[in-house]
Amino acid sequence: MKPAPFKYLAPASVEETLSMLTQYGYEAKLLAGGQSLIPTMNFRLAQPAVIIDLNRVSELAYMRPGDSGGLCIGAMARQREGEYHPLFAERAPLIRETMPHVAHPQIRNRGTFGGSIAHADPAAELPAVMLALNAGFKIRGREGEREIPARDFFVGMFATAMQPEELLTEILIPPLPPRSGWAFKEVARRHGDYALAGAAAVVSLNEQQRCREARLVFLSVGDGPVEARGAVQALAGEIPGEEVIRAAAETAAAVDIDPGSDIHASAEFRRHLARVLAVQVLHQAYERARRA
Amino acid sequence: MAKWKPLERMDFLGKAYPRVEGPDKVSGRAKYTQDQAPAGMLYGAILTSPHAAAKIIRIDDSKVRQLSGVKAALTDVHPTGTVRYAGEEVAAVAATTPEILADALELFEVQYETLPFAVDIETAMKEGAPRVFADKANISDARVEEEGDLEAGFAKADVVVESEFRTQVQVHTPLEAHGSLAMWNGEELTIWDSTQAVHGVREGVANALEMPINKVRVICQHMGGGFGSKLQPGRYSAIAARLAKQAGAPVKLMLDRKTEFLGVGNRPNSIQKLKLGAGRDGRVTAFSAITYGTAGIGTNAGVRLPIVYDIPNYRHEHYDVFTNAGAARPFRAPGCPQAVFSMDQIMDEMAEKLGMDPLEFRLKNDANPARQQEWRIGAEKIGWAKRNPKPGSDPGPLKRGMGMAASIWWPGGRGTQAMITVYPDGMVEVRCGTQDLGTGTRTYVASVAAEELGLEMAQVRALIGDSDYPKSGASGGSTTAPSVAPAIKNTAEKTREALAEIAAKHFGVSPAQMEWQKSTITVKNSPAKKLGWKELCSLLDTEPLEVRGEWVEGLSSAGVAGCQFVEVAVDTLTGRIAVEKVVAVADCGLVLNRLTTESQINGGVIQGISYALFEDRLMDPHTGTMVNSDLENYKISGSIETPEIEVIIYDEWERGVIGVGEPPTIPTAGAIANAVYNATGVRLREIPMTPDRVLLALAKKS
Ligand SMILES: Cc1cc2nc3c(=O)[nH]c(=O)nc-3n(C[C@H](O)[C@H](O)[C@H](O)COP(=O)(O)OP(=O)(O)OC[C@H]3O[C@@H](n4cnc5c(N)ncnc54)[C@H](O)[C@@H]3O)c2cc1C
């Protein structure tokens, strides 16, 4: 249970990190909280030749208010902050509500926002929540900086739109429109386990209390976070009452997702859970939007 | 026959007091085998077979030996050269660091000729399935147990219920891995072992290495659990010793988690076809069972049926099935949780058909006087009278229910030796070659001696976990307390006799005239002729007093009864079962320490919940290996899944010490299944009761 030999580098700045990434490219792996990377190295499933440790790059560890009610999260901000930092309660309550479902407190103390997003585990909560919140990611590379919207970022199982020489630096959470509500729910075997299925929803209403915009995103039912686009189309312009939500959840489970089977759950069971969770999160998000 | 003094005169026994090694454990001073690190120590590891069945054609360790930091390697650790399960020992290596060790394991070149295999019981039972042993059929001959006249019993029955139940393979998963540190001093070998049997490992290692037994010493001061899987000597101990000899340095060889899952024991699974008959009067008349179980390449996959209830006519036919998987080992109440899971469910099914309350039906068919009381106590505590009268009738998706099941156990005490040393300064040492697998043995070794000698715990030092100490058996079968406590008491009594003689000589009277009052001794009717403990011990001058004693009849007994009541909430939308409350009524005889007794019962219940809802060894029929051999994917109930557990100690001190460690894990799964039925109207006949199984069962019903 020990990693294969590797070279260890500990840059102190983003600039230094980028030049190391340029030098080592595919051979290098960035080390953030290590909660996903180190186990794979210990099991020798990953044998990177070079480790670039981001833990001394203090310019990446921050949270600050973004424009007009949004939130900016540095890649090296610890997941645990999501539970306790007042900025999250104020500006991203959906993240705060989700955080306790991510692993265990000890792991969230080390694990980072950037690490979870860059890792792109299809069973992870944060990528799904990022899609639901319409987040954007700032990526730095040799050629400068670019921003990728969450919906273009997750491209497959453990795969993102980033290049190996690139670094995720910041997560941008835009403010929610007025009359918006949100919800997150998941089903796991034990508390803290990766979910068998999970769902995040954001619902925004117009002045007539009809659905102006909605996003419903699942985790653990595909190769990455899965947006239920058919389901939200069915919601558009509607008052999201029980019937409407039930129909949307049905579309989500039957059409929008294509879950796989593994030792933890069959595809059929995941579809069932997705349906149940979709009803629950849409209902709760709608209720919150109504009261907002 | 020896007897304990009445409970009301006891200072320690029957009461709650902390473990003597508690401060060492919470401060990290307690050193487990895993923590040992003598100067110059090397790390050892075993290369295991990736194949479920294969002939080892060739093992080449030349690249291993060339790796800098490798100090020893063995290629002859497999006794026959044919591996029969993935995870079986093939070669071994020792190196200066764990990192080099991991590199070294990748450098062995092993050529296998793979053979066909069957890793699951269904495949192994099929016609023409690959044979696990060339010279034996996969399915054993029937083992039959019967009593009375089965046909007549069923003929008398007004109602007959038939049901099939299945239980999974559960793996022990103690927190501390199995393993040894082996150290040579010339021809003498010292082994630190994470074991439930220091004397057993000593014998095993001496045999394996063909050494005289007096040259082997085995030590286990603290250990992180065993649950039965550490009762026997492991191949790893002798392998560590051979590596250490070859390297000329101490070698610590702890198994990794994967090998733990594959190769050091498990609880066999079961397929159980049951039939129960009863009369309208609520008396069971007949019971029959046909059961199958796999202990991997081992035997003893039995299900202990019939169990608990008084059944006049029965027949049980059992078949062991070989599979290409690691051999089973005794696991906390072997054969019993499986049996109660099915027995107490078919009892409930019968009660429903008879239109009887399950409690009333049990009281009618349970001959055990202790359990007769316990059923009533438990029912009262859980609020049985308030339970859902109609299964599944709660409105809404969340449904609550209650269920119950029984516990039972048999063995009592047996031979154990002990020695007490009294020093001239009044301090006392107790030596006993038992070991503390985490249950609190060390603490009662001290407290029983303190109790009998009238001393404070701080005056007594308990020395255990060393094969140099007087012989005691393995810590298994819940026999440790009923074996060790009487031996300590007997030794303490003899110590008092020896001290009384010394005092008598001092006063010039006969020993029969001496009288004890706690630790003070007086000449009868001459209150002035009195010696306090310190004065008395000072008469020893410079020679410590050494007294030996042993287990004697009368201080322990066999036979344990218990029961558990459970309340669950089932989310019928997601299929999740939440156990909300467990009332565990445990038959405890003379309680040696209320705190550690409660810990045993809590632990048994938690392991029972884990068995009922989570744990499952999953074997891949294509690759022939276990697919969830890690603690992320092999699910064990965690702290958040642990409900309120109300422990009710049913103590009858007059019965002496009885075993308490195993029985509390027996009823939990059966009680949960009955509660799930009460909650939902759906019976789960297979564990673990996972959310998808719950949903499938619900879907079948509607
Ligand atoms: C027992 C256990 C349970 C867990 N349960 C859950 C769970 O339920 N849900 C869940 O979502 N997660 C879970 N996790 C994973 C945990 O949340 C991880 O912390 C997280 O997925 C990765 O974050 P990290 O900071 O530890 O990243 P690391 O492990 O350090 O890195 C992960 C990957 O991201 C890359 N990376 C890191 N930072 C950057 C960056 N700034 N730019 C580009 N690439 C980067 C790394 O190179 C690596 O490939 C669990 C982990 C454990 C050990």
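The values are calculated or read from the model by the stated rules, or taken from the named source; none is laboratory data. Being a predicted model, the structure only gives us computed values, none of them experimental. Here the Cβ positions follow ideal geometry from the backbone for every residue, glycine too, while neighbour counts run over all protein chains shown. Just so you know, the surface numbers come from the protein's heavy atoms only, side chains and all, with ligands and any DNA or RNA stripped out. Shrake-Rupley method; radii C 1.70, N 1.55, O 1.52, S 1.80 Å.
Brief remarks follow.
- Filter result for A:Val57 (closer than 30 Å to B:Pro98 by Cβ, of a type in the set (Val, Ile, Thr) and either touching a Leu at 6+ places or on another chain (Cβ under 7 Å) or open to solvent by 30 Å² or more (accessible area, probe 1.4 Å) (or both)): no
- Helices (runs of 4 or more DSSP H) within segment A:18-101 that include 3 or more residues without any contact (Cβ under 8 Å) to a residue 60 or more places away in the chain and within 14 Å of the ligand (Cβ to nearest atom): A:37-42, A:81-84
- Close contacts from segment B:166-194, counting a first residue that is among the aromatic types (Phe, Trp, Tyr) and a second that is open to solvent by less than 10 Å² (accessible area, probe 1.4 Å) and part of a loop (DSSP other than H, G, I, E, B), with Cβ to Cβ under 9 Å and a gap of 6+ residues or different chains, come to B:Trp192/B:Cys220.
- Segment A:102-120: number of residues that are within 10 Å of the ligand (Cβ to nearest atom) and within 14 Å of chain B (Cβ to nearest Cβ): 4
- Pairs with Cβ under 9 Å, 6+ apart, first in segment A:118-129 and closer than 14 Å to A:Ala199 by Cβ and among the small types (Gly, Ala, Ser), second within 6 Å of the ligand (Cβ to nearest atom) and open to solvent by 10 Å² or more (accessible area, probe 1.4 Å): A:Ala123/A:Tyr194; A:Ala124/A:Ser36; A:Ala124/A:Val102; A:Ala124/A:Ser116; A:Ala124/A:Tyr194
- Residue in segment B:149-158 that is basic (Lys, Arg), in contact with a strand residue (DSSP E or B) (Cβ under 8 Å, 6 or more places away or on another chain) and more than 30 Å from B:Asn269 (Cα to Cα) present: yes
- Within segment A:106-120, tally of residues that are at negative phi and either modelled with pLDDT under 95 or crowded, with 18+ Cβ neighbours inside 10 Å (or both): 10
- Index of the failed condition, A:Tyr286 passing every other in (1) away from chain B (no Cβ under 14 Å); (2) more than 26 Å from A:Glu207 (Cβ to Cβ); (3) hydroxyl-bearing (Ser, Thr, Tyr): (2)
- Test: residue in segment A:206-214 that is within 13 Å of the ligand (Cβ to nearest atom), at pLDDT 95 or above and not assigned by TED's automatic domain parsing to the domain that holds A:Leu31: no
- Failed criterion for A:Asp193 (all others in (1) assigned to a loop (DSSP other than H, G, I, E, B); (2) open to solvent by 60 Å² or more (accessible area, probe 1.4 Å); (3) without any contact (Cβ under 8 Å) to a residue 24 or more places away in the chain hold): (2)
- Test set (1) away from chain A (no Cβ under 14 Å); (2) over 20 Å from the mean Cα position of the chain (by Cα); (3) open to solvent by 20 Å² or more (accessible area, probe 1.4 Å) - B:Arg594 fails condition number: (2)
- Sole exception among (1) open to solvent by less than 20 Å² (accessible area, probe 1.4 Å); (2) over 22 Å from the mean Cα position of the chain (by Cα) for B:Glu317, by number: (1)
- Pairs meeting the criteria (first residue in segment B:5-28 and touching a residue at least 12 places away in the same chain (Cβ under 8 Å) and under 26 Å from B:Asn490 (Cβ atoms), second residue in a loop (DSSP other than H, G, I, E, B) and of a type in the set (S, T, N, Q), beta carbons under 7 Å, at least 6 apart or on different chains) are B:Ala16/B:Asn593; B:Tyr17/B:Asn593.
- Scope segment B:224-261; condition more than 14 Å from chain A (Cβ to nearest Cβ), touching a residue at least 60 places away in the same chain (Cβ under 8 Å), open to solvent by less than 20 Å² (accessible area, probe 1.4 Å) and in a helix (DSSP H, G or I); matching residues: B:Tyr236, B:Ile239, B:Ala240, B:Ala241, B:Leu243, B:Ala244
- Here B:Val110, B:Val132 are screened, and the one residue that is in contact with a strand residue (DSSP E or B) (Cβ under 8 Å, 6 or more places away or on another chain) and either more than 14 Å from every other protein chain (Cβ to nearest Cβ) or in contact (Cβ under 8 Å) with a residue 60 or more places away in the chain (or both) is B:Val110.
- Checking A:Met41 against (1) hydrophobic (A, V, I, L, M, F, W, C); (2) farther than 23 Å from A:Leu216 by Cα; (3) open to solvent by 10 Å² or more (accessible area, probe 1.4 Å); (4) within 14 Å of chain B (Cβ to nearest Cβ), the condition it does not meet: (3)
- Evaluating B:Ala104 against the criteria (1) under 30 Å from B:Ala37 (Cα atoms); (2) surrounded by fewer than 18 Cβ atoms within 10 Å (Cβ to Cβ); (3) more than 34 Å from the chain's Cα centre (by Cα) leaves one unmet condition, (2).
- Test result for A:Ala123, open to solvent by 10 Å² or more (accessible area, probe 1.4 Å), within 14 Å of chain B (Cβ to nearest Cβ) and at positive phi: no
- Residue match in segment B:619-629 (condition: in contact with a strand residue (DSSP E or B) (Cβ under 6 Å, 6 or more places away or on another chain) and either in a helix (DSSP H, G or I) or within 13 Å of chain A (Cβ to nearest Cβ) (or both)): yes
- Qualifying helices (runs of 4 or more DSSP H) (wholly inside segment A:217-292; at least 2 residues being in contact with a strand residue (DSSP E or B) (Cβ under 8 Å, 6 or more places away or on another chain) and touching a residue at least 40 places away in the same chain (Cβ under 8 Å)): A:229-235, A:267-291
- Selection count where residues are away from the ligand (no atom under 11 Å from the Cβ), under 22 Å from A:Ala103 (Cβ atoms) and away from every other protein chain (no Cβ under 14 Å), scope segment A:160-200: 5
Results for (1) within 22 Å of B:Gly454 (Cβ to Cβ); (2) modelled with pLDDT under 95; (3) within 14 Å of chain A (Cβ to nearest Cβ), shown as yes or no for each residue.
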{"site": "B:Leu539", "(1), (2), (3)": "yes, no, no"}
{"site": "B:Asn602", "(1), (2), (3)": "no, no, no"}
{"site": "B:Gly608", "(1), (2), (3)": "no, no, no"}
{"site": "B:Glu615", "(1), (2), (3)": "no, no, yes"}
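- Members of segment B:667-696 that are open to solvent by less than 20 Å² (accessible area, probe 1.4 Å), free of Cβ contacts under 8 Å to residues at least 60 places away in the same chain and either farther than 26 Å from B:Arg332 by Cα or of a type in the set (Asp, Glu) (or both): none
- The residue that is farthest from A:Glu213 (Cα to Cα), counting only those in segment A:137-148 that are out of contact with any helix residue (DSSP H, G or I) (no Cβ under 9 Å at 6 or more places or on another chain) and more than 11 Å from the ligand (Cβ to nearest atom), is A:Glu143.
- Hey, B:Leu695 within 9 Å of chain A (Cβ to nearest Cβ), more than 21 Å from the chain's Cα centre (by Cα) and aliphatic (A, V, I, L, M) or not: yes
- Single unsatisfied condition, B:Val566 versus (1) open to solvent by 10 Å² or more (accessible area, probe 1.4 Å); (2) assigned by TED's automatic domain parsing to the domain that holds B:Gly681: (1)
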